[in-house]
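Asker: Take this structure first; my questions come after.
Laboratory data are not the source of any read-out in this text; all were calculated from the coordinates shown. Everything numeric in this text was worked out from a predicted model, so none of it was measured. FYI the Cβ positions are ideal-geometry reconstructions off the backbone, even for glycines, and counts take in every protein chain you see.
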Amino acid sequence: MTAVGVARPRVEGPDKVTGAARYAADVPMEDLAFGAAVLATVTRGRVRDIDVSAVQDMPGVLGVLDHRNAPRLNPKAPGFFGPDGQLQLLQDEVVPFAGRPVALVVAETLEQAQAAAAALPVTYDTEPHDTRFTADHPARRPAVTFFDGPVDIGDVEAELAASAVVVEERYRTPEEHHSAMEPHSATAWWEDGRLEAIDSNQGPFTVAGVLATLFSMPPDRVRVRTEHIGGGFGSKGLCGPQLILAAMAAQRFGRPVRVTLSRTQVFLSTGMRPATDQVIRIGADVDGRLRAVWHESAFEISPLAEFIEGCTELTKTLYAAPAIRTSLSAVPLDILPPCSMRGPGTAPGSFALECAMDELAERLDMDPLELRLRNEPEVGPVSGLPFSSRNLVACLQEGARRFGWADRDHRPRQRREGHLLIGTGFAATSFSAGAFPSSASITAEPDGAFTVAVGATDLGTGARTALTAIAADALEVSTERIRLRISDSALGPAWGAGGSRGTTSWTWAISEAGARMREQGGGTVTVDTTDLLGDLPSMERHTFSAVFAEVSVDPATGEVRVRRLLGMYAIGRVVNPLTARSQVIGGMIGGLSMALHEEGLRDRVTGRHVNADFAGYHIAAHADVPDIEADFVPDHEPGIPMGVKGAGEIGNVGTAAAIANAVWHATGVRQRALPLRLDRVLEESPGWAGRRTGGDTPG
Ligand code: MOS
């Protein structure tokens, strides 16, 4: 292989920096009308009336779509976890959560649509709501778990009773919002009985399939393209409200309609990471060998749509113990339906597990790195299956070497610089890997080039660049001879950019098509990998990493600043060291943001979000982010073409725990709730006890 493994800048880089790259809301179109969504302002109830007459004579207004006149949608349209009420927009007067779209105002220009949407009178009959997540909520019930199901091996109670040291703690994480730079936008039009759309999403083939079901259309009469995408982080995995509303309005008004959500509408209507409440019990012998790990996680959901925040998945993978028990429960509330976000489940789960491991090391008076090394499993601790490749120890040891871990005094509150307390911490992580069925086709062109078509998307992570290299090596030609086509549902079935499985899934299809093209010597080859993935589940397949952090804490203000972050990763073969490094660094910044800043807040009386914008919902900005070092240990995934595993989400996982552990090391006080807000760090610091600055909030 000559192209894979070489650092190359993004192939679309010049288009992006010169402004030539078009995102979904940029694509010019004739006869385009604009839709502005109107979102419910009550948390639970029914729409009593929408007074369309108040806006229909406003400048440019073409009409208003609401539950009384919107096209009927097929209620069987599926989400990832079953029938999904989040897709059933404008079908009835019921308001299941604040932020549910109740109308779409369509006008000649965006400004006219927004003005009329702002003026549209909507009245409601309200009903009592419940948006307050607590672990002891009476509605708590077992989560539906077709992955991350409950496990119970060994005798957890007996092993805990026999343990020399036991940690039992509760960890909480709040609602968090994806915050992709590009707001969701869709343009849809109907032509000769076909539905066409340009949308911002993570998987055009999947989205087109859902759209076809929603509108009861044959799949081959629905086409969705994505062009460039300004990030998704899970929020663009499925058919979003912008696309459903645009398609309905285009049908109703007989012309192309563009719906672009405002930033606040993205917060209120497109999904979020649910709040979690996790209890971890770990027991160990004096030498640090684990006897039992018991991880119970609860998260909030909406009754509209089933969802799984799989916080306990890595507890089944990371450490050996004779007894392991996990469970997931869900608390249905009148909230925006949660969806996958930046390492779903594993990111909050690793915060709990890896903080608890750090607490165990403290109580054992042991180097937390040594604690990890003593509990390295031979095979999957629960499954008993062999690991396809497991290079966690290499990540730990190389990361520790580069970070200078050996010099650390493991006692807390030992380092000061002026008035600042300094600490370091780390976390080990894993993230599940694999592939989903995808298709690819390759055509040999008369000029010696190859057109390689796969229904992939590039969220900005470098997929175009990576797949160009993969296609070149699959065909054994130079990258200059590759013409890559992606971002179009018409290119055939393909998994999306999600679950850290995009590159692996598309690579499989391209590799197979390339091999057949080399045999065939010309023409066109089309491959579908559905029947090729059979052996994948016979092993535990995961990426691994170790993340190290150094923080300073100002005890007078509670301010935590991350001074250093270092991550070592085992992600299989690295397709492009340049973009892969950027991708995991991006993930680490997401983890830093999760640790220090991000928290969706609701008003307890109205149940509505109070910080649904970037003034109130803080994300890490440039000044929050230190110099970050990220690198890869040699790794190769057997049984997967090119040996790739996936860099998508592992970068995010573990970072929050590493930072929280560093804050403990700096201050001597454990932080078990995210984010590490000023008031939490301040009020709980020795010497500052009692100086509470405000009430505790959920999460
Ligand atoms: Mo990712 S949260 O699987 O898009």
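Asker: Taking 0.36 nm per residue of sequence separation and subtracting the Cα-Cα distance, how much length would be gained by fully extending the chain between ASP367 and ASP287, in nm to one decimal?
Answerer: 27.7 nm
Asker: Right, here's the next one. Residues with beta-carbon under 15 Å from that of ASP627, excluding ASP627: net charge, scoring Lys, Arg +1 and Asp, Glu -1? Each step should come with its number before you reach the end.
Answerer: Numbers: positive: ARG402, ARG561, ARG563, ARG564, ARG581; negative: GLU550, ASP624, GLU629, ASP631.
Summing Lys and Arg as +1 and Asp and Glu as -1 gives +1.
Asker: Project the alpha carbons of the chain onto their principal axes and report the range along each, largest first, in whole Å.
Answerer: 73, 68, 49
Asker: Moving on. Picking from GLY498, ILE510, LEU475, whose Cα lies most toward the positive end of the charge dipole for region 437-514 (charges on Cβ: Lys, Arg +1; Asp, Glu -1)?
Answerer: It is GLY498.
Asker: Around THR18, what is the net charge, scoring Lys/Arg as +1 and Asp/Glu as -1 over all other residues with Cβ under 15 Å from its Cβ?
Answerer: Local charge sum for THR18: 0.
Asker: Please enumerate, by chain and number, the lysines with C-alpha under 21 Å from the C-alpha of LYS316, excluding those fewer than 8 residues away in the same chain.
Answerer: Correct list for LYS316: LYS645.
Asker: Would you mind checking region 646-673 for residues with the amide N under 20 Å from a putative spin-label position 7 Å along Cα→C-beta of ARG563?
Answerer: 655-671
Asker: Can you tell me the relative contact order of the chain? Whole percent, Cα pairs under 8 Å, sequence separation 6 or more.
Answerer: Values: 1827 pairs, mean separation 116.1, N = 699.
Here the relative contact order equals 17 percent.
Asker: Relative to 2.2 N^0.38 Å, what does the C-alpha radius of gyration of region 286-325 come to as a ratio? Two decimals please.
Answerer: Values: Rg = 14.1 Å, N = 40, 2.2 N^0.38 = 8.9 Å.
Expressed relative to 2.2 N^0.38 Å, the Cα Rg reads 1.58.
Asker: Once the convex hull of the C-alpha atoms of region 398-537 is built, how many Å³ does it hold per residue, rounded to a whole number? Each step should come with its number before you reach the end.
Answerer: Working: hull volume 25.2 nm³, N = 140.
Considering the Cα atoms of region 398-537, their hull volume per residue is 180 Å³.
Asker: Ok, one more. State the three equivalent ellipsoid semi-axes of region 241-395, derived from the C-alpha gyration tensor as the square roots of 5 times its eigenvalues, in descending order and whole Å.
Answerer: Computed over region 241-395, the values are 42, 16, 14 Å.
Asker: Ordered by packing density, taken as the mean number of other Cβ atoms within 10 Å over each peptide's residues, highest first, how do 617-627, 62-72 rank?
Answerer: Highest-to-lowest ranking by the protection proxy: 62-72, 617-627.
Asker: Oh, and also: Kindly put LYS316, LYS16 in sequence by how many other C-beta atoms sit within 10 Å of each C-beta, fewest to most.
Answerer: LYS16, LYS316
Asker: Another one. Taking the DSSP beta bridges in the chain as the whole, what percent of them are antiparallel, to the nearest 5?
Answerer: Just about 75 percent of them are antiparallel.
Asker: Tell me, what is the FRET efficiency for VAL6 and ALA490 to the nearest 0.05, using R0 = 41 angstrom and their Cβ-Cβ distance as r?
Answerer: 0.85
Asker: What size of dipole, in debye to the nearest 20, comes out for the chain about its Cα centre when the only charges are +1 on Lys and Arg C-beta atoms and -1 on Asp and Glu C-beta atoms?
Answerer: 340
Asker: Pick out, from ILE244, VAL525, ALA103, the residue whose Cα sits farthest towards the positive end of the charge dipole of the chain, with +1 on the Cβ of Lys and Arg and -1 on the Cβ of Asp and Glu.
Answerer: Final value for the positive-end residue is ALA103.
Asker: Find how much the distance from ALA20 to ASP57 grows on full extension, using 0.36 nm per residue of separation minus their present alpha carbon separation; answer in nm with one decimal.
Answerer: 9.6 nm
Asker: Work from the charge dipole of the chain (Cβ charges, +1 for Lys and Arg, -1 for Asp and Glu, about the Cα centre) and give the residue of VAL11, PRO150, ALA463 farthest towards its positive end.
Answerer: So the residue furthest toward the plus end is VAL11.
Asker: Hey, got the dipole for region 434-533? About the Cα centre, +1 on K and R Cβ, -1 on D and E Cβ, debye to the nearest 20?
Answerer: Roughly 160 debye for region 434-533.
Asker: So how much slack lies between ALA164 and ARG481, counting 0.36 nm per residue of separation and subtracting their Cα-Cα distance, in nm?
Answerer: So the chain would gain 107.8 nm between ALA164 and ARG481.
Asker: Roughly how many nanometres apart are two label points built 7 Å out from the Cα toward the Cβ at GLU378 and GLN397?
Answerer: For the pair GLU378/GLN397, the computed spacing is 1.9 nm.
Asker: Identify the residues of region 55-94 with backbone N under 13 Å of a label point that sits 7 angstrom from the Cα of ASP220 along the Cα-to-Cβ direction, or state none.
Answerer: Answer for region 55-94: none.
Asker: Something else about it: Which order results if LYS645, LYS76 are arranged by neighbouring Cβ count within 10 Å, fewest first?
Answerer: LYS76, LYS645
Asker: Give, as a single signed number, the net charge of other residues whose beta carbon lies under 11 Å from the beta carbon of PRO344, with Lys and Arg counted +1 and Asp and Glu -1.
Answerer: Counting the neighbours of PRO344, the net charge comes to -3.
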